[in-house]
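The values are calculated or read from the model by the stated rules, or taken from the named source; none is laboratory data. Quick caveat: nothing in here was measured; it's all calculated off a predicted structure. A quick note on method: Cβ atoms are made from the backbone with ideal geometry, for glycine too, and the neighbour counts reach across all protein chains shown.
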Amino acid sequence: MTARDESAKMLASLMGIDQDEAAERLDRKVLITVGDQPSAMSLASEVTLLLERTLAITEVPDEAHLELVVGNTAPRAACPRQYAAADAVSVIVGSAPATRTASEAHPLVVMIYATAVSAAVLRAVAGDGALPQGPDPLEVKASQLGLPKLDALAPLDLTGAVLVGAGAVGHGFLRALRTVPATGELVVLDPKKVGEGNLNRCLYLQPGDEGRDKVKALTERAAPDFPTLRLAPMVGEFRQYAETIDRVDTVIVTVDSRRARRSIQEYAPRRVFDASTTDVTAVVMHVHEQPTDGACLACIYRHIPDEHARERSIAEGLGIDLDTVAHGFIDEDAATRILKAHPGLDKADLIGKAFDSLFRQLCATQALTTAEGRQVLTPFAFVSSLAGALIVVEMLRRAGGVTDANYWQVDPWLGPLARLRKYRSKSSECVFCSSPDAQALVWRWWG
């Protein structure tokens, strides 16, 4: 399953069309025309990185199905156009020429601007109005991020922190983190290997990384961006890391499983920064510091009936039982049973892979047809990039003493809105917060 297959499957699901038609739409070529203003060039660079993982990019005007004109410059093609312009105040993208005149935006803000521009271009290329819609023009304001002043930031000391997950949101986080001063050592943790489909949204990866450990590929590619921060890769699960140290200080969560997030909370980390995506329709940001009266990871991602539905679909689709799926990763015995249902697979490739990942792969190649298939489809690159960038936004806000909210849901097609930040209290049904032993441990460690 290639990167283009991943994107085509998601587009097909969103638009209610078959995958071949979705692939044809993604093959429509985009021409990016850039003005010579520094703000235009920096925005165009980020947008190109996001779009080239999803769409076909061309430098030949006559080939273009859509032209994106960035900054103050003349169009080069006769096809339909989108225009984008950005400064420190906002980015504007739409079907009419746009101008911005304030000073240049900080690179972190430009990254977030680029996700809005990429969404508008993808919507225009796909056509038919089937993708989530937005105003024309769309303006995303930097003030909605609630950031402190970015020109004199104290370095973020990440000593004692662990990034759990080296997938697309983890890549987005590191690409955003490189725009601000950071020191210390950051452990990067993931048990999986790079698959072909990962290249559609994991922005540090390059062709040839397939089959490598995700953490090693990511940290090797990202290391040059961090002269004062050491990235320490560890192949494994969070529990393996947590059991090697006394207690976990800071955990940055980018995994894609509700169960995995609840299991992280069991180790009572002092601080949590968590970002998740719901296919391509929402990004959720959660943060807390223990002890807290607010929601923890297990409150936000408490068990819901849909989890059993998804796990049952995985078990039925792979030819195994529900208890085996709960283990998370395929061992030799599980691989043997899966091969009875899917004899065309390679046993060596199966061992160590997450059940969820294999299920997603089989759904995307249409080897499985299931009502749960939509839930495991991977988002477009711009959605994961936005999720990762919002983690850095919240880290900077917390470092500046802002603790007024612990939950933020953002529509990736419209951009962040400050009024949607909320403070969520503990859930009475939370298995962690309702446990006297867990709360006693929190106060003994972090009180």
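Scoring residue 314 on the criteria (1) more than 18 Å from residue 391 (Cβ to Cβ); (2) touching a Phe, Trp or Tyr at 6+ places or on another chain (Cβ under 8 Å); (3) in the same structural domain as residue 439 (by TED's automatic domain parsing) leaves a single failure, condition (3). Taking the criterion of being closer than 17 Å to residue 160 by Cβ and either basic (Lys, Arg) or not assigned by TED's automatic domain parsing to the domain that holds residue 206 (or both), the residues of region 221-256 that qualify are 230, 247. Scanning region 78-125 for residues that are among the polar types (S, T, N, Q) and more than 22 Å from residue 411 (Cβ to Cβ) gives 99, 101, 103. Once region 11-27 is narrowed to residues that are under 11 Å from residue 54 (Cα atoms) and assigned to a helix (DSSP H, G or I), the residue that is modelled with the lowest pLDDT is 11. Sub-6 Å Cβ pairs linking a first residue in region 423-447 that is of a type in the set (Gly, Ala, Ser) to a second residue that is assigned to a helix (DSSP H, G or I), at least 6 apart or interchain, are 427/299, ordered by first then second residue. Can you work out which of the residues in region 392-410 that are at pLDDT 95 or above and either out of contact with any Leu (no Cβ under 8 Å at 6 or more places or on another chain) or part of a loop (DSSP other than H, G, I, E, B) (or both) is farthest from residue 279 (Cα to Cα)? Top of the filtered list is 398.
Filter region 51-97 down to the residues that are in contact (Cβ under 8 Å) with a residue 60 or more places away in the chain and either among the hydrophobic types (A, V, I, L, M, F, W, C) or not in a loop (DSSP other than H, G, I, E, B) (or both), then identify the one that is nearest to residue 114 (Cα to Cα).
Per the criteria, the residue is 51.
One residue stands out in region 110-132 among those that are in a loop (DSSP other than H, G, I, E, B), within 23 Å of the chain's Cα centre (by Cα) and not small (Gly, Ala, Ser): the one that is modelled with the lowest pLDDT, namely 131. For the subset of region 133-157 comprising residues that are at pLDDT 95 or above and either among the acidic types (Asp, Glu) or on the phi > 0 side of the Ramachandran plot (or both), which member is surrounded by the most Cβ atoms within 10 Å (Cβ to Cβ)? Per the stated criteria, the residue is 146.
Residue 136 passes every criterion in (1) in a helix (DSSP H, G or I); (2) within 26 Å of residue 85 (Cα to Cα) apart from (1). Every listed requirement among (1) over 17 Å from residue 36 (Cβ atoms); (2) out of contact with any Pro (no Cβ under 7 Å at 6 or more places or on another chain) is met by residue 144 save one, (2).
With at pLDDT below 85 and acidic (Asp, Glu) as the only criterion, which of 266, 332, 316 stands out? Result of the check over 266, 332, 316: 316.
The numbered conditions (1) in the same structural domain as residue 426 (by TED's automatic domain parsing); (2) under 20 Å from the mean Cα position of the chain (by Cα); (3) of a type in the set (D, E, K, R) are all true for residue 356 except (1). Residue count for region 98-110 satisfying the condition of being within 15 Å of residue 40 (Cβ to Cβ) and either surrounded by 15 or more Cβ atoms within 10 Å (Cβ to Cβ) or in contact with a Lys or Arg (Cβ under 6 Å, 6 or more places away or on another chain) (or both): 7.
Each row is one residue, and each column tells you yes or no for (1) small (Gly, Ala, Ser); (2) surrounded by fewer than 23 Cβ atoms within 10 Å (Cβ to Cβ); (3) assigned by TED's automatic domain parsing to the domain that holds residue 280.
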position: 36; (1), (2), (3): no, yes, no
position: 68; (1), (2), (3): no, no, no
position: 73; (1), (2), (3): no, yes, no
position: 88; (1), (2), (3): yes, yes, no
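Among the residues examined, residue 60 does not qualify as modelled with pLDDT of 95 or more and under 24 Å from residue 387 (Cβ atoms). Can we say residue 284 is in contact (Cβ under 8 Å) with a residue 12 or more places away in the chain, over 30 Å from residue 414 (Cα atoms) and under 18 Å from the mean Cα position of the chain (by Cα)? Considered against the rule, which asks whether it is in contact (Cβ under 8 Å) with a residue 12 or more places away in the chain, over 30 Å from residue 414 (Cα atoms) and under 18 Å from the mean Cα position of the chain (by Cα), residue 284 comes out as no.
Got at least one residue in region 382-389 being farther than 23 Å from residue 133 by Cβ and at pLDDT below 95? For region 382-389, residues farther than 23 Å from residue 133 by Cβ and at pLDDT below 95: absent. Summed over region 26-40, residues that are over 15 Å from residue 75 (Cα atoms) and in contact with a strand residue (DSSP E or B) (Cβ under 8 Å, 6 or more places away or on another chain) total 5.
Quick one: is residue 364 under 25 Å from residue 131 (Cβ atoms), touching a Lys or Arg at 6+ places or on another chain (Cβ under 9 Å) and either at pLDDT 95 or above or not acidic (Asp, Glu) (or both)?
On the way: under 25 Å from residue 131 (Cβ atoms): yes; touching a Lys or Arg at 6+ places or on another chain (Cβ under 9 Å): yes; either at pLDDT 95 or above or not acidic (Asp, Glu) (or both): yes.
So residue 364 passes the test.
Counting residues that are buried (at least 16 other Cβ atoms within 10 Å of the Cβ), which helices (runs of 4 or more DSSP H) fully inside region 273-356 reach at least 3?
Qualifying helices (runs of 4 or more DSSP H): 297-300, 305-318, 332-341.
Taking the criterion of being closer than 20 Å to residue 389 by Cα, more than 22 Å from the chain's Cα centre (by Cα) and either modelled with pLDDT under 90 or not small (Gly, Ala, Ser) (or both), the only residue of region 95-109 that qualifies is 104.
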